[in-house]
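One structure is given here, and the rest of the page talks about it.
The values are calculated or read from the model by the stated rules, or taken from the named source; none is laboratory data. Small disclaimer: the values here were computed from a predicted structure and weren't measured. In this analysis, Cβ positions are derived from the backbone assuming ideal geometry, glycine residues included, and neighbour counts consider all displayed protein chains.
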Amino acid sequence: MVFEFALLGLVLTAIVAILVYTLITGVPPVPTTPRVRATMMALVPDDFRGIIYELGAGWGGLAFSLARRFPDCRIVAYELSPLPWAFTRLRQVAFPCPNLTVRRADYRRVSLTPASLVMCYLFPAGMARLRGKFEAELATGTLIVSNTFAVPGWRPAAVRRAHDLYASTVYLYVMPHCALGDEGQAPVAREVVEVSGIQ
């Protein structure tokens, strides 16, 4: 009986922690599906080199996929919620990826300047808040790949739909052209350039 109560207490504590941090960040730790991960990574050139930031790494699925896909790149995965962060850290201990660093931090308070590529699966209001941070901190040529949610007011360089249950939309932006006004030289994306499955 004591064991059952202890187990129930741990489960309830975990649920409460997830709910509290969902309220703090505005983003529940929803995993990115394999098909969407493949679509996101397909938007990145095969010869890409640089530092990759994942904002809101959740349970680590995308972070580990990036580490395997780009072994010559440094991957930095940020997650604030303690339970998903701890899970991802334990996964890193059990299955080490030398080019992957998992950090418990609020990505809104982290400098994005070192990043050559930013990956994210957030929410509409979060993308709106990040727009100013992107424009202030990201260098020319930096890529941004966003799952489902667009950066409001920006024009993507490419848009793809994943071949998953929700036909999830994935957006690619290239700094700084995506942020230019109507008189700028921002590339205008085709409506959907490809329907992507697992590659």
Test: LEU8 is at pLDDT 95 or above, farther than 18 Å from VAL118 by Cα, out of contact with any Gly (no Cβ under 8 Å at 6 or more places or on another chain) and in a helix (DSSP H, G or I): no
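Tally time: how many residues in segment 132-145 are of a type outside the set (Phe, Trp, Tyr), in contact (Cβ under 8 Å) with a residue 24 or more places away in the chain and over 14 Å from ALA42 (Cβ atoms)?
Step one: of segment 132-145, the residues of a type outside the set (Phe, Trp, Tyr) are 132-133, 135-145.
Now narrow it down to the ones that are in contact (Cβ under 8 Å) with a residue 24 or more places away in the chain: 133, 135, 137-145.
Add one more test, that the residue is over 14 Å from ALA42 (Cβ atoms), and what stays is 133, 135, 137-142, 144.
Final tally of qualifying residues: 9.
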Residues that are touching a residue at least 60 places away in the same chain (Cβ under 8 Å), buried (at least 17 other Cβ atoms within 10 Å of the Cβ) and either part of a strand (DSSP E or B) or of a type in the set (S, T, N, Q) (or both): does segment 87-109 have at least one? no
Checking ASP72 against (1) outside any helix (DSSP H, G or I); (2) modelled with pLDDT under 95, only one condition comes out false. Which one? (2)
Failed criterion for THR101 (all others in (1) more than 13 Å from the chain's Cα centre (by Cα); (2) under 19 Å from CYS178 (Cα atoms); (3) among the hydroxyl-bearing types (Ser, Thr, Tyr) hold): (2)
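Looking only at segment 28-45, count every residue that is in a loop (DSSP other than H, G, I, E, B) and within 22 Å of LEU138 (Cβ to Cβ) and tell me the total.
Looking only at segment 28-45, we keep the residues that are in a loop (DSSP other than H, G, I, E, B), and these are 28-33, 43-45.
When the remaining residues are screened for being within 22 Å of LEU138 (Cβ to Cβ), the result is 32, 43-45.
Residues that pass the stated criteria total 4.
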